[in-house]
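Structure, as structure tokens:
The values are calculated or read from the model by the stated rules, or taken from the named source; none is laboratory data. Keep in mind that this is a model prediction, so the values were computed, not measured. Because the Cβ atoms are built from the backbone with ideal geometry, glycine has one as well, and the counts that use them run over all protein chains shown. Calculation scope for accessible area: heavy atoms of the full protein, side chains included, ligands and nucleic acids excluded. Shrake-Rupley method; radii C 1.70, N 1.55, O 1.52, S 1.80 Å.
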Amino acid sequence: MTWFRVPGSRFKVRVTEIEPGHYARKQLSSRSRLVSWSHGSRFETARQLVQGRAGSRLLDYGCGDGTFLALVADLFPAAVGVDVSPAQIADCARRFGSHRAIRFAMADALDEPDHRGRYDVIVCMEVLEHCPDDVRTGVLDRLQGAAAPGALVVFSVPIEVGPALLAKQAVRALAARRGLVEYATRERYRPGELLRMLCAGVDSSLVREEIVEDLGAGRRLRFTGHKGFNWRRLVPELAAHFSIERRLCSPLPVMGPVLNSQVWFLCRAR
């Protein structure tokens, strides 16, 4: 066992020797202190929100490189991570090979009977903003089916409206100028688009570009970027599937959604 510290944060957890994935290397270990602090704070917040249910059955939907599962391995040693990317799942299975109690599967495996009503804690971080409307409805249906009665279901999505958007775009541009290649191809706004999202109301949005990726084996992935995402429009969709019990923002909770990176919804399965 070893101690792992999220850079730029007080967050330190005991985990097994698991090789860091691409996300952890790119964001948590970013050369930009602001980037590493912001993303580290998100994982710290997620851990705090679920730790009261330690030892129960946890599902990480859209697990990516498995960073969150590695950081809560001491709390949830037998968790499940799912993703829509076969390459992500294969990479996680390789890197977590010695930690066999943490399992990985494709997201559509949740449609199988073994997963129905199984999970007491479900975490879905930074996923829904990438889903076209019909895909997002399917994801929420799938999570509703996987949740045990009374399950804690935690969602986080980025804040891409209001003053927070302007601050984020400035940080992204600065990161690109510093040579962080992941920000070189960042999404850009025309002046009218930026003004619309800076002054966004509950129903404001932009036409969002869809990207289609061939995953092989007859699988196709449709997804969007962050541009034009309005977290407020998500609220009624979540409420149709779960009971929303609390909302908070990170990394600076006292600022609310005005100048924060993420908004969180703590929900309860009915």
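Sequence-ordered 3J(HN,Hα) estimates for segment 18-24 from the Karplus curve with 6.51, -1.76 and 1.60 and θ = phi - 60° stand at 10, 4, x, x, 5, 5, 4 Hz, glycine and proline given as x. In this structure the chain gives 48 Å² per residue of accessible area when probed at 1.4 Å with all protein chains present. Rounded to a whole number, what % of the accessible area of segment 111-263 do carbon and sulfur atoms account for, probe 1.4 Å? The C+S portion of the solvent-accessible surface of segment 111-263 is 55 percent.
Largest GNM mean-square fluctuation across ALA147, ALA167, ALA70, computed for the chain with C-alpha springs under 10 Å, falls on ALA167.
Amide H contacts of CYS63: VAL82, ASP83, each under 5 Å away and 5 or more positions distant or on a separate chain (H built 1.01 Å from N in the peptide plane; Pro and chain starts excluded).
Suppose only helical runs count, i.e. DSSP H with n ≥ 4. What mean residue ellipticity at 222 nm does that imply for the chain under -39500 (n - 2.57) per run, divided by all residues and rounded to the nearest 500 deg cm²/dmol? Please report the intermediate quantities before stating the final value.
On the way: 7 runs with 78 residues, N = 270.
Estimated from H runs of four or more residues: -9000 deg cm²/dmol.
Proximity of backbone amide H atoms, modeled 1.01 Å from N, is registered between ALA151 and ALA269 at under 5 Å, excluding neighbours fewer than 5 places apart on the same chain. Taking packing as the residue-averaged number of other Cβ atoms within 10 angstrom, the listed peptides 123-129, 203-209 run from highest to lowest as 123-129, 203-209.
To the nearest 20 Debye, how big is the dipole of the chain about its Cα centre, given +1 on the beta carbon of each Lys and Arg and -1 on that of each Asp and Glu?
Approximately 980 debye in magnitude.
In the elastic network of the chain, a GNM with C-alpha springs shorter than 10 Å, the most mobile of VAL254, VAL84, VAL153 is VAL254. Alpha carbon centre of segment 83-119 versus segment 213-257: separation in Å? Segment 83-119 and segment 213-257 have Cα centres separated by 21 Å.
Packing around the peptides 24-36, 257-269, taken as the average count of other Cβ atoms within 10 Å per residue, puts them in this order, highest first: 257-269, 24-36.
Using a 10 Å cut-off on Cβ atoms, rank the peptides 222-233, 168-179 from the highest mean neighbour count down. The partial results should precede the final answer.
Values: 222-233: 18.5, 168-179: 14.5.
By packing density, highest mean first, the sequence is 222-233, 168-179.
Normalising the average separation of contacting C-alpha pairs (under 8 angstrom, six or more residues apart) by the number of residues puts the relative contact order of the chain at 16 percent.
Relative contact order of segment 64-152, taken over Cα pairs closer than 8 Å and 6 or more residues apart, is 26 percent.
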